[in-house]
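Undergrad: My structure is below; once you've seen it, I'll send some questions.
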Amino acid sequence: NRKRHEHTLHYFPRRFVLVCDVCGLEDNNDSLYVCLLCDFIVHKHVASHSSSHFYPTLPNKELTDCGVCHAKIEEKYEEYSCIKGCTYAVHSKCAMRRDVCDGKEYEGEPEEVYENMKMFEEEGNGIIRHLSRPLHQMRLDKNIQRVYGETKYSQACRLPFHVDDNVYQCIQCDFFLHEPCAHLPRVKQFMLHLHPLTLQCSPECGFKYVYGIKRCDWKMDTLCASISEPFDHHSHPHHLFLTSEQYLAKHCSICPLITRDPLACNKCNIFVCFHCATLTHKTRYEHDEHLLTFSYERDIDDEGYWCEICEEGINRKRGLYDMHAMNVELHSIWNVC
């Protein structure tokens, strides 16, 4: 392929431990293609990769981090880069992972564009008509009145709303949506799945994103779908990214569970499962009118903290909901009290 290399490459069937000039890896289980004029070497399986958006790193191009493994892309190796001029790029070896690439050739094909992504129609003055309630109007309320002891939920994420939340409230019935829930896109491309996902509205059990065909019955709730990279967790000072190792399982640093494909901090040995990453930042205890805030501290003395519900000790390294001013502490949601 002249777009990839200017000279003819010759097949070399014997196995040698040599570094591929495209992916930068050694692989003695693969044959090679070599250039007899300029000492260029490429693995056979790499040479068969799609050429779409596959370019050598330009000498004057600012070195960026790989969008998959988040390691630096070395100047001497090739990369997949965005054709629209942004800085996004991916190592060739990362781009060819089965959980990243569908293996199809897209060169010369137009990019897929999704139109009419909104799930609602605006009717003015903060009034919308949402597809989950097409016959009803909903009004945006920025000062929702909440009665103490009463709990109301957004029918999309199934999380309660609080005094400081912006909420769409149905004018005709007892139906609520957080403002971000109302603005969920109709179609979403999620970083852990190859296919575009469509929002399915089910007020009885919450909204979810699905790819509803027989060979791929994939689904996820709106909370997990809201996670994107870099992810900012309110209890950690650094950005979190998906772990770069394919199908990696790790212990979550907040709960004691082993999780596959957790979010990870590249600066410290922190792993967070999707469940803990989507725990609500603030919550309310039914017997207290004040909001409790979630916190997680890795290195702290655990003595002196007791759950107000089960009256057992709290391990702050596993997270808790508290309000220091009122001396109220509760286990985080993964503990059943």
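The values are calculated or read from the model by the stated rules, or taken from the named source; none is laboratory data. Treat the numbers as computed from the prediction; the structure is a model and nothing was measured. FYI the Cβ positions are ideal-geometry reconstructions off the backbone, even for glycines, and counts take in every protein chain you see. Quick note on the areas: whole protein, heavy atoms, side chains included, nothing else; ligands and nucleic acids left out. Shrake-Rupley method; radii C 1.70, N 1.55, O 1.52, S 1.80 Å.
Undergrad: Report the gain in length on full extension from Cys224 to Cys35: 0.36 nm times residue separation, minus Cα-Cα distance, nm rounded to one decimal.
TA: Length gained, Cys224 through Cys35: 63.3 nm.
Undergrad: Which order do Ile258, Ile213, Ile309, Ile128 take by accessible area at a 1.4 Å probe, largest first?
TA: Sorted by accessible area, descending: Ile258, Ile309, Ile213, Ile128.
Undergrad: Leu140: net charge of surrounding residues, Cβ under 12 Å, Lys/Arg +1, Asp/Glu -1, itself excluded?
TA: -3
Undergrad: Amide H to amide H, which residues 5 or more places from Tyr106 or on other chains are under 5 Å from it, using H placed in the peptide plane?
TA: Correct list: Ser52.
Undergrad: For an R0 of 35 angstrom, estimate the FRET efficiency from the Cβ-Cβ distance between Arg158 and Lys267 and round to the nearest 0.05.
TA: The computed FRET efficiency comes out at 0.55.
Undergrad: For the residue pair Glu204 and Cys173, what label-to-label distance in nm results when each label sits 7 Å from Cα along the Cα-to-beta-carbon direction?
TA: For Glu204 paired with Cys173, the spin-label model returns 1.2 nm.
Undergrad: Hey, another quick one. Subtract the Cα-Cα distance of Ile309 and Val100 from 0.36 nm times their separation in residues, and report this length gain in nm to one decimal.
TA: Extending this stretch completely gives an extra 70.8 nm.
Undergrad: How would you order 261-272, 170-181, 229-240 from highest to lowest mean count of nearby Cβ atoms within 10 Å?
TA: 261-272, 170-181, 229-240
Undergrad: Collect residues whose amide H, placed 1.01 Å from N in the peptide plane, falls under 5 Å from the amide H of Leu18; neighbours closer than 5 in sequence don't count.
TA: The answer is Asp27.
Undergrad: Sequence-distant or interchain residues sharing an amide H contact under 5 Å with Asp141, placed H: which?
TA: Hits under the 5 Å cutoff: Val167, Tyr168, Gln169.
Undergrad: For the pairs Lys84/Lys219; Lys72/Lys219; Lys104/Lys188, note any where the Cα-Cα span goes beyond 23 Å.
TA: Lys84/Lys219; Lys72/Lys219
Undergrad: To continue, here is another question. Full-extension gain between Leu257 and His290, please, as 0.36 nm times their residue separation minus the C-alpha to C-alpha distance.
TA: Extra length available between Leu257 and His290 comes to 8.9 nm.
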